[in-house]
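Trainee: This structure is in structure tokens; I'll ask about it shortly.
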Amino acid sequence: MIREIMNEDYEGLMKLYMQLHDNPFPEKDSKVEALWNRILEDKDHHIIVAVEDGKIAASCVCVIIPNLTHGQRPYALIENVITDEAFRKRGLATACLNYAREIAVRENCYKMMLLTGSKEESTLKFYEQAGYNRKDKTAFIQWI
């Protein structure tokens with residue numbers, strides 16, 4: 001089942017995120033809880049999950065960004081694409097990305113952007129098969 005995150009999904013999502021860049025499991029203190037609630041309440045911030053056997057098996061984030069160019073049409077940014085190691089090669093991340101695309105189309109976005117730190121050719125081909133290309137733009141990152 002592909003759907004947007006719900007409040008009770010916090011722990012499952014954080015367990016999945018531990019596989020993303022060796023992310024530590026955060027203590028759910030007042031600061032983290034406020035951030036979680038802010039994300040849940042933001043109509044432009046979508047955390048999409050694939051649920052298999054009651055477990056969050058894959059996820060991606062789709063953020064809709066208002067824009068004053070391109071006819072004042074927004075664009076979408078895709079981040080944190082991850083599939084649990086035990087659920088890979090089942091099309092779950094693709095289904096999450098397709099759901100994100102549906103959101104972007106519904107919100108009248110003119111483009112979707114996805115950045116990856118991966119240099120693995122299989123990962124890059126996966127994103128190309130999902131409809132993204134690496135030819136149109138050049139990404140630059142400044143870490144803060």
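Values quoted throughout were computed directly from the atomic coordinates according to the rules given, and no laboratory measurement underlies them. Small disclaimer: the values here were computed from a predicted structure and weren't measured. Note: ideal-geometry Cβ built from the backbone for every residue, glycine included; neighbour counts use all protein chains shown.
Trainee: Net charge near ARG90, counting Lys/Arg +1 and Asp/Glu -1 over other residues with Cβ under 11 Å of its Cβ?
Mentor: Working: positive: ARG88, LYS89; negative: GLU52, ASP84.
Counting the neighbours of ARG90, the net charge comes to 0.
Trainee: Under 10 Å, Cα contacts only: if you run a Gaussian network model on the chain, which one of LYS55, LYS31, LYS43 comes out with the highest mean-square fluctuation?
Mentor: Taking springs between Cα atoms under 10 Å, the residue moving most is LYS31.
Trainee: Could I ask something else about it? Find how many whole Å separate the alpha carbon centroid of the stretch 71-119 from the alpha carbon centroid of the stretch 15-40.
Mentor: 20
Trainee: Let me ask something additional. Specify the residue with the greatest mean-square fluctuation among VAL105, VAL49, VAL32, computed from a Gaussian network of the chain linking alpha-carbon atoms under 10 Å apart.
Mentor: Sorting by GNM fluctuation, first place goes to VAL32.
Trainee: Could you give me the ³J(HN,Hα) list for the stretch 36-53, computed from phi with Karplus coefficients 6.51, -1.76, 1.60 and θ = phi - 60°, whole Hz, x at Gly and Pro?
Mentor: 4, 5, 4, 5, 4, 8, 7, 5, 9, 10, 10, 9, 9, 10, 9, 10, 10, 6
Trainee: Now, a different point. What FRET efficiency do you get for ASP136 and ALA95 if R0 is 25 Å and r is their Cβ-Cβ distance, rounded to the nearest 0.05?
Mentor: Details: r = 24 Å, r/R0 = 0.97.
Here the calculated transfer efficiency is 0.55.
Trainee: Oh, and also: Could you work out [θ]222 nm for the chain from helices alone, using -39500 (n - 2.57) per DSSP H run of at least four and dividing by all its residues? Round to the nearest 500 deg cm²/dmol. Please list the in-between numbers first.
Mentor: On the way: 4 runs with 44 residues, N = 144.
Taken over the chain, the calculation gives -9000 deg cm²/dmol.
Trainee: Sticking with this one: Which of the aspartates and glutamates could a cross-linker bridge to LYS43, judged by Cα under 14 Å and excluding same-chain residues fewer than eight apart?
Mentor: Straight-line reach from LYS43, under 14 Å: GLU4, GLU107.
Trainee: A follow-up question, please. Based on other C-beta atoms within 10 Å, arrange MET1, MET14, MET6 from fewest to most.
Mentor: Values: MET1 8, MET14 17, MET6 11.
The fewest-first ordering by Cβ neighbours comes to MET1, MET6, MET14.
Trainee: Extension gain GLU52-SER30, at 0.36 nm per residue separation less the Cα-Cα distance, in nm?
Mentor: Working: separation 22, 0.36 × 22 = 7.92 nm, distance 2.98 nm.
Full extension of this stretch gives 4.9 nm more.
Trainee: Just to check I understand the Karplus step: with θ = phi - 60° and J = 6.51 cos²θ - 1.76 cosθ + 1.60, what whole-Hz values come out for the stretch 16-29, glycine and proline as x?
Mentor: 5, 4, 4, 7, 9, 6, 6, 5, x, 6, x, 5, 7, 8
Trainee: Suppose every Lys and Arg Cβ carries +1 and every Asp and Glu Cβ carries -1, with no other charges. What dipole size does the chain come out with about its Cα centre, to the nearest 20 debye? Intermediate results must be reported in sequence, preceding the final value.
Mentor: On the way: 19 positive and 22 negative charges, 139 e Å.
Here the chain has a charge dipole of around 660 debye.
Trainee: In whole Hz and in residue order, list the ³J(HN,Hα) couplings for the stretch 107-113 that follow from phi through the Karplus curve 6.51 cos²θ - 1.76 cosθ + 1.60, θ = phi - 60°; x for Gly and Pro.
Mentor: Whole-Hz 3J(HN,Hα) from phi for the stretch 107-113: 8, 6, 5, 9, 7, 10, 10.
Trainee: So if we plug the beta-carbon distance of ALA86 and MET1 into 1/(1 + (r/R0)^6) with R0 = 22 Å, what FRET efficiency do we get, rounded to 0.05?
Mentor: Numbers: r = 17 Å, r/R0 = 0.77.
The calculated FRET efficiency here is 0.85.
Trainee: Under the 0.36 nm per residue contour assumption, what length would be gained going from the current alpha-carbon distance of ARG73 and GLU11 to full extension? Intermediate values should be presented prior to the final figure.
Mentor: Numbers: separation 62, 0.36 × 62 = 22.32 nm, distance 3.46 nm.
Length difference between fully extended and current span is 18.9 nm.
Trainee: Now a separate question. Quick one: if you stick a label point 7 Å off each Cα along the C-beta vector at GLU41 and LYS111, how many nm between them?
Mentor: 3.3
Trainee: What are the lysines whose alpha-carbon lies under 26 Å from the alpha-carbon of LYS119, with same-chain residues fewer than 8 places away excluded?
Mentor: The qualifying lysines are LYS15, LYS89, LYS111, LYS135, LYS137.
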